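Written out below as structure tokens is the structure these notes cover.
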Amino acid sequence: MTVIRLLAFLLVMPLPAAPAIAETVHFPSATTPPTPLQQRLARERGQPIAPQPTTELAGELHRPGETGPFPAIVALHGCNGRGPRDYEDALAARFTALGYVILFVDSFAPRGITERCHSSPADPYVDRVADAYGGLLYLAAQSFVDPERIAVVGYSQGAMVAPSAVALAGVET
């Protein structure tokens with residue numbers, strides 16, 4: 001109960017306006033490494049394993065104005081794509097004021113998707129999970145991010161994707 005009250009307090013308490021840095025960044029969606037069978041067959045054939053194709057993603061990165069390293073958040077959008085700009089800006093202002101970096105990953109625009117609200121519930125969101133890991137790998141490589149303190153959150157459909165990314169225990173599984 002105390003944790004819930006603390007979280008609610010942090011989300012509703014007014015915060016001083018901190019100068020934050022916002023920029024559009026580009027990074028690839030994650031891929032899975034070759035399986036042991038693929039590795040064995042490549043060795044037997046004497047051929048290299050072809051790299052998997054990736055999707056070049058775009059995201060909106062917000063970070064505190066200081067140097068860091070900071071904890072970070074990969075944020076996943078809903079079924080209609082990236083949310084209203086004022087909603088994301090308010091969320092970014094709140095988290096950067098608390099000392100977090102937040103990356104809003106756009107999974108749809110790079111793929112030419114406008115919405116996915118009417119997709120089958122059985123849709124595994126595989127591409128969105130790989131996008132979450134792409135965001136994680138991008139953030140972990142930044143000098144202003146603490147690579148040991150990166151979380152994933154989502155809203156709407158992104159809230160269903162986030163646990164799927166964590167359940168996989170890594171992009172390699």
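The values are calculated or read from the model by the stated rules, or taken from the named source; none is laboratory data. The structure displayed is predicted, hence computed values, not measured ones. Quick reminder, even Gly has a Cβ in these numbers, built from the backbone with ideal geometry, and neighbours come from all protein chains shown. To get the accessible areas, we keep the full protein, side chains included, count just its heavy atoms, and leave off ligands, DNA and RNA. Shrake-Rupley method; radii C 1.70, N 1.55, O 1.52, S 1.80 Å.
The set of residues in segment 130-143 that are modelled with pLDDT under 95 and of a type in the set (F, W, Y) contains only Y133.
Restricting segment 145-166 to residues that are more than 11 Å from the chain's Cα centre (by Cα) and either hydroxyl-bearing (S, T, Y) or not in a helix (DSSP H, G or I) (or both), the residue that is surrounded by the most Cβ atoms within 10 Å (Cβ to Cβ) is V145. Only strands (runs of 3 or more DSSP E) whose full extent lies in segment 53-121 are considered here, and the ones with at least 3 residues that are open to solvent by 20 Å² or more (accessible area, probe 1.4 Å) are 56-64. For segment 34-83, a residue qualifies if it is over 17 Å from I102 (Cα atoms) and of a type in the set (D, E, K, R), and the qualifying residues are R40, R43, E44, R45, E56.
No other residue among A18, A30 is modelled with pLDDT under 85 and either part of a loop (DSSP other than H, G, I, E, B) or exposed (fewer than 10 other Cβ atoms within 10 Å of the Cβ) (or both) apart from A18.
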